[in-house]
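Contents: one structure, followed by commentary.
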Amino acid sequence: MKRKLMQLLFLSCLKATEIIEKRLYFRISFIEKLQLKVHKMMCDACTLYDKQSLFMDRAIEAVNKKESAKNIEPAKEEIDLLKKRISDKLADTGSSE
């Protein structure tokens with residue numbers, strides 16, 4: 001009984017990092033939260049890994065948001081250039097008729 005309880009509460013670092021990554025994208029169970037909390041109380045490496053993983057995930061999200069914002073709205077210069085090209089094409093088409 002005691003051995004089973006120990007296995008339930010204590011994780012290997014490999015399993016702890018798996019739960020850390022899983023937690024970033026999915027909801028984890030109460031048991032997984034408890035296991036991770038107990039493991040991080042004893043393991044400085046996994047605590048640091050958790051902080052670094054969260055930092056990297058937030059940084060990637062910020063870069064993705066910045067890139068997608070760039071792609072959504074063209075620059076004013078680009079819009080003006082396109083308008084000029086369209087009006088030039090319309091002028092060329094209108095004069096040939």
Exclusive hit being of a type in the set (Asp, Glu), modelled with pLDDT under 85 and not in a loop (DSSP other than H, G, I, E, B), set Glu32, Glu78: Glu78
Criterion: among the aromatic types (Phe, Trp, Tyr), without any contact (Cβ under 8 Å) to a residue 60 or more places away in the chain and exposed (fewer than 11 other Cβ atoms within 10 Å of the Cβ) - qualifying residue of Tyr49, Tyr25: Tyr25
Extreme residue, surrounded by the most Cβ atoms within 10 Å (Cβ to Cβ), among residues of the range 1-22 that are of a type outside the set (Gly, Ala, Ser) and outside any helix (DSSP H, G or I): Leu11
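The values are calculated or read from the model by the stated rules, or taken from the named source; none is laboratory data. This structure is a prediction, so every number in the text was calculated from the model and none was measured. Note: ideal-geometry Cβ built from the backbone for every residue, glycine included; neighbour counts use all protein chains shown.
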